[in-house]
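Laboratory data are not the source of any read-out in this text; all were calculated from the coordinates shown. Quick caveat, the model's predicted, so the values are computed rather than measured. Cβ coordinates were reconstructed from backbone atoms using ideal geometry, including for glycine residues, and neighbour counts include every protein chain displayed.
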Amino acid sequence: MEITPLVVLTSARKAPSCDSHTPFPPAQRLGRNAVSVWWEEGGMPDLKWFSTVANSSTIPVGGEPARSAAITPGSGTWQATGCGKVEGNLAMVTQIRPTNRQDNYYLVRACLRGPQLAANRQAVRQMLASIRFTK
């Protein structure tokens, strides 16, 4: 499986450096009421839904099938979110599977730190709702 980092969006006070030697997701520490979102693209033969979103309903993101889940610390899939590394309190994970590229996916991982999570949850939802893919 190949994974290509695409972008990091963060409200961390000290934004992580990003270059070809930076691990993905980059190390950072979220402050109170902060959010960090990273996008990656990957592919593998016979692609399935990842365990983090497998039990979620399929929704459209940018006109493509996607599944999204909110994950809290202590759940079985928390470690796979990467949010423990940034001291997050909630992960929002979305896997998008473009219909014109059956073996490829986009993975969007958002890590939120509280105590007030509602505004950042809404901001992540708005970001996903604004996505448009060109064919």
(request) Please report ARG109, ARG13, ARG97, ARG125 as a ranked list, fewest other C-beta atoms within 10 angstrom at the top and most at the bottom. (result) ARG13, ARG125, ARG97, ARG109
(message) Restricted to Cα positions, what overall size does the chain have along the principal axes? Three whole-Å values, descending.
(response) 39, 33, 29
(request) Let me have the 222 nm mean residue ellipticity of the chain computed from DSSP H runs of 4+ only, each contributing -39500 (n - 2.57), with the sum over all residues rounded to the nearest 500. (result) -3000 deg cm²/dmol
(request) Have a look at ILE3, ASN120, SER36 and report the one farthest towards the positive end of the charge dipole of the chain, computed about the Cα centre with Cβ charges (Lys/Arg +1, Asp/Glu -1). (result) ASN120
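Relative to the Cα centre, what is the charge dipole magnitude of segment 32-116, using +1 at the beta carbon of each Lys and Arg, -1 at the beta carbon of each Asp and Glu, and rounding to the nearest 20 debye?
240
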(request) Once you've got the GNM for the chain with C-alpha springs shorter than 10 Å, pick whichever of ASN120, ASN100, ASN89 has the biggest mean-square fluctuation. (result) ASN100
(message) Please give the Cα centre distance for segment 90-107 versus segment 25-76, rounded to the nearest Å.
(response) 8
(request) Between ASN89 and PHE50, with labels modelled 7 Å along Cα→Cβ, what's the label distance in nm to one decimal, could you check? (result) 2.4
(message) I need to check one value: relative contact order of the chain, counting alpha carbon pairs closer than 8 Å and at least 6 residues apart, in percent.
(response) 27
(request) Enumerate the calculated ³J(HN,Hα) couplings along segment 96-112 in order (Karplus 6.51 cos²θ - 1.76 cosθ + 1.60, θ = phi - 60°), each rounded to whole Hz, writing x wherever the residue is Gly or Pro. (result) 10, 10, x, 5, 8, 9, 4, 9, 10, 8, 10, 10, 10, 10, 10, 10, 10
(request) In whole Å, largest first, what are the principal axis extents of the Cα atoms in segment 69-135? (result) 40, 25, 16
(message) Using only Cα atoms and rounding to the nearest 10 degrees, what angle (0 to 90) does helix 118-129 make with the longest principal axis of the chain?
(response) 30
(message) How would CYS111, CYS83 line up from fewest to most surrounding beta-carbon atoms within 10 angstrom?
(response) CYS83, CYS111
(request) Determine, for ILE96, ILE131, the number of other Cβ atoms within 10 Å of each Cβ, and report the residues in order from fewest to most. (result) ILE131, ILE96
